[in-house]
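Comments concern the structure below.
The values are calculated or read from the model by the stated rules, or taken from the named source; none is laboratory data. What you see is a predicted model, and the numbers here were worked out from it, not measured in a lab. Cβ atoms come from the backbone with ideal geometry, glycine included; neighbour counts cover every protein chain shown. The protein model used for the area step is the full one, side chains on, heavy atoms only, and it has no ligands, DNA or RNA in it. Shrake-Rupley method; radii C 1.70, N 1.55, O 1.52, S 1.80 Å.
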Amino acid sequence: MKLALIGFGQAGGKIVDKFVQYDQRTGSDIVRAAVAVNTAKADLMGLEEIPQDQRVLIGQSRVKGHGVGADNELGAEVAEEDIDEVQGAIDSIPVHEVDAFLVIAGLGGGTGSGGAPVLAKHLKRIYTEPVYGLGVLPGSDEGGIYTLNAARSFQTFVREVDNLMVFDNDAWRKTGESVSGGYDEINEEIVKRFGILFGAGEIDQGQEVAESVVDSSEIINTLSGGGVSTVGYASEEVEEAAGGGGLLSRLTGDSDDENLDTAHTTNRITSLVRKAALGRLTLPCEIEGSERALLVMAGPPQHLNRKGIERGRKWLEEQTGSMEVRGGDYPVSGSGFVASVILLSGVTNVPRIKELQQVAIEAQDNIDDIQQESQDNLDSLISDDEDELESLF
Ligand code: GDP
C-alpha cells in the first residue's frame, strides 16, 4: 500500500530515510511521500534521502534550530505552534494517491515524543485516510527521563492514531552493546519488517502467479479498531527454481516428488509462521488475546502455497484466540528467501509497557522531589537567617 511517511525528530527522520532506501533497493513502491520534521537543524541536514523541500524545521523562534533537548512538553508546544509549516510540506503530497499516513518517532526524546501525537491529531482532523503511528520505545539504559517521556508520549500517541505500531529498542539491544551503537542495524530491522508488511498490499492481483495475494484493505482492516500492534518475522533461505515447481521436481520431473515438494513447502511455511509469532516481536508481548492478526508469506511464488498459509493462519487463530486472522501471499520473484511477517493488532498483554510506566512514575516522583529540594536549598541560600534584609523590589 502507498504511504505518506512523516518522520518526527531524529529517530523518526532516520527511519524514514531508511524506508526510502529500502523502497528504492527492493522496488516495493510503498513510499509515496517522505517528510521529516525537526526542531534541530543539524538533524535535518544529516538526512540523506528525504528531499530538501520536505525537511521542515519548526520552533525556530523558540529554540533557534538547536532542538528542544529531551523536553517533550516543549516539543508538543512547538509542534502545535508551527503545525502550518508541517502542513505546508504535506500540501505538496498527492494525498489522493496515498492509502495511509505513517507518523514515525522515537518516544523517549523531545521533538518526536511531543510532536508526533500533535501531528497525528492534526492529520486525523483534516484527512479521511487512516493515520498510523510507529513509535520507538527507548532502551532501559537510557535513563528515567527518557522512560518518562516515552510513557507519556505512548499514552497520548495511541489515542491520536488509528493504530500505534511499536518497536522496542530495549528488546533489540545487543548484549554488551549500548543501543545507540546498533541503531543502523535496528533501523534496518524496522524497515525490513514494516517494508514487507506494507509492500504486500502493493502487489496487484495477477501480477504474479499467486494464490491469494494480500490486499491493502486487509492491512487496513487488521489495523482498524485502534490500539497497539507488534510485528513478528522469520525467514529461511530457499533455492530459486526456474520453473513453477520446486527444485526437487525440476530435477526429477516426477509427480511423486512434486507432492513431496508441496508437503515440504507447506511444512516450511507453517514452521516459519510459528517462528515469527514466537520469536522476537518488535514489541515483545503475549500473543494470546490479540484482537486481530495478519499473516504475510513473502518469497518466490513457487515456494508459497495456499495450504501452508491456511495452516499457519489456523494455528495463529488458536494461539491468539482471535476470530479475525487474515493471511495471504506476497510473491517476490527472484528473492532467495521465504519470509513470514505477522502483524498482531490490538495486543493488550504487554509486560514491557507496564514496566515502562512503573519506571516512569518513579522517575516522575524523583524529579518532583529533586525540584522541591533544590527550591528549598535555593530559598535557604538567598534569604538571611533572621529575615533582616529586604529585597530592593
Ligand atoms: P528527538 O529528536 O528529540 O525526537 O529525539 P531522538 O529521536 O534523537 O531520540 C528519541 C529516542 O529515540 C531515543 O531515546 C532513542 O531511544 C531513540 N532513537 C534515537 N535514534 C534512533 C534511531 O536511529 N533508531 C532507533 N530505533 N531509535 C532511535
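Is it the case, given these coordinates, that residue 62 is surrounded by fewer than 24 Cβ atoms within 10 Å (Cβ to Cβ), more than 26 Å from residue 198 (Cα to Cα) and modelled with pLDDT of 95 or more? Walk me through it before giving the result.
Numbers: surrounded by fewer than 24 Cβ atoms within 10 Å (Cβ to Cβ): yes; more than 26 Å from residue 198 (Cα to Cα): yes; modelled with pLDDT of 95 or more: yes.
Against the criterion (surrounded by fewer than 24 Cβ atoms within 10 Å (Cβ to Cβ), more than 26 Å from residue 198 (Cα to Cα) and modelled with pLDDT of 95 or more), residue 62 qualifies.
Just checking, how many residues over the stretch 66-111 are away from the ligand (no atom under 13 Å from the Cβ) and open to solvent by less than 70 Å² (accessible area, probe 1.4 Å)?
So the count comes out to 15.
Within the stretch 238-347, considering only strands (runs of 3 or more DSSP E) that don't extend past its boundaries, which have at least 2 residues that are modelled with pLDDT under 95? Spell out how you get there, then give the answer.
Details: elements: 292-299, 324-331, 337-345.
Of the strands (runs of 3 or more DSSP E) lying wholly inside the stretch 238-347, those with at least 2 residues that are modelled with pLDDT under 95 span 324-331.
Could you check, for the stretch 63-74, whether at least one of its residues is touching a residue at least 12 places away in the same chain (Cβ under 8 Å) and under 20 Å from the mean Cα position of the chain (by Cα)? Outline the logic, then answer.
Of all residues in the stretch 63-74, those touching a residue at least 12 places away in the same chain (Cβ under 8 Å) come to 63, 65-74.
Applying the additional criterion that residues be under 20 Å from the mean Cα position of the chain (by Cα) yields 72.
Yes, the stretch 63-74 has at least one match.
Does residue 99 satisfy being assigned by TED's automatic domain parsing to the domain that holds residue 136 and over 18 Å from residue 2 (Cα atoms)? Break it down stepwise before answering.
On the way: assigned by TED's automatic domain parsing to the domain that holds residue 136: yes; over 18 Å from residue 2 (Cα atoms): no.
Against the criterion (assigned by TED's automatic domain parsing to the domain that holds residue 136 and over 18 Å from residue 2 (Cα atoms)), residue 99 does not qualify.
Sort through 12, 7, 59 and tell me the only one that's on the phi > 0 side of the Ramachandran plot and within 13 Å of the ligand (Cβ to nearest atom).
Working: 12 fails: on the phi > 0 side of the Ramachandran plot; 7 fails: on the phi > 0 side of the Ramachandran plot.
Residue meeting the stated conditions: 59.
Taking residue 43 as the residue in question, decide whether it is assigned by TED's automatic domain parsing to the domain that holds residue 94, among the acidic types (Asp, Glu), surrounded by fewer than 24 Cβ atoms within 10 Å (Cβ to Cβ) and within 12 Å of the ligand (Cβ to nearest atom).
It is true that residue 43 is assigned by TED's automatic domain parsing to the domain that holds residue 94, among the acidic types (Asp, Glu), surrounded by fewer than 24 Cβ atoms within 10 Å (Cβ to Cβ) and within 12 Å of the ligand (Cβ to nearest atom).
I'm trying to understand the selection: among the residues of the stretch 15-40, which are more than 18 Å from the chain's Cα centre (by Cα), at negative phi and open to solvent by 10 Å² or more (accessible area, probe 1.4 Å)?
Scanning the stretch 15-40 gives 24, 25, 26, 40.
Can you name the number of the only condition in (1) among the acidic types (Asp, Glu); (2) under 21 Å from the mean Cα position of the chain (by Cα); (3) open to solvent by less than 40 Å² (accessible area, probe 1.4 Å) that residue 286 fails?
Status for residue 286: all satisfied but (3).
State whether one or more residues within the stretch 129-148 are part of a helix (DSSP H, G or I), open to solvent by less than 30 Å² (accessible area, probe 1.4 Å) and not small (Gly, Ala, Ser).
Yes, some residue in the stretch 129-148 is part of a helix (DSSP H, G or I), open to solvent by less than 30 Å² (accessible area, probe 1.4 Å) and not small (Gly, Ala, Ser).
Has the stretch 325-334 got at least one residue that is among the polar types (S, T, N, Q) and surrounded by fewer than 20 Cβ atoms within 10 Å (Cβ to Cβ)? Explain how you work it out, then say what you get.
Here is the first cut: in the stretch 325-334, the ones among the polar types (S, T, N, Q) are 333.
Still in the list and also surrounded by fewer than 20 Cβ atoms within 10 Å (Cβ to Cβ): 333.
Yes; the residues of the stretch 325-334 include at least one that is among the polar types (S, T, N, Q) and surrounded by fewer than 20 Cβ atoms within 10 Å (Cβ to Cβ).
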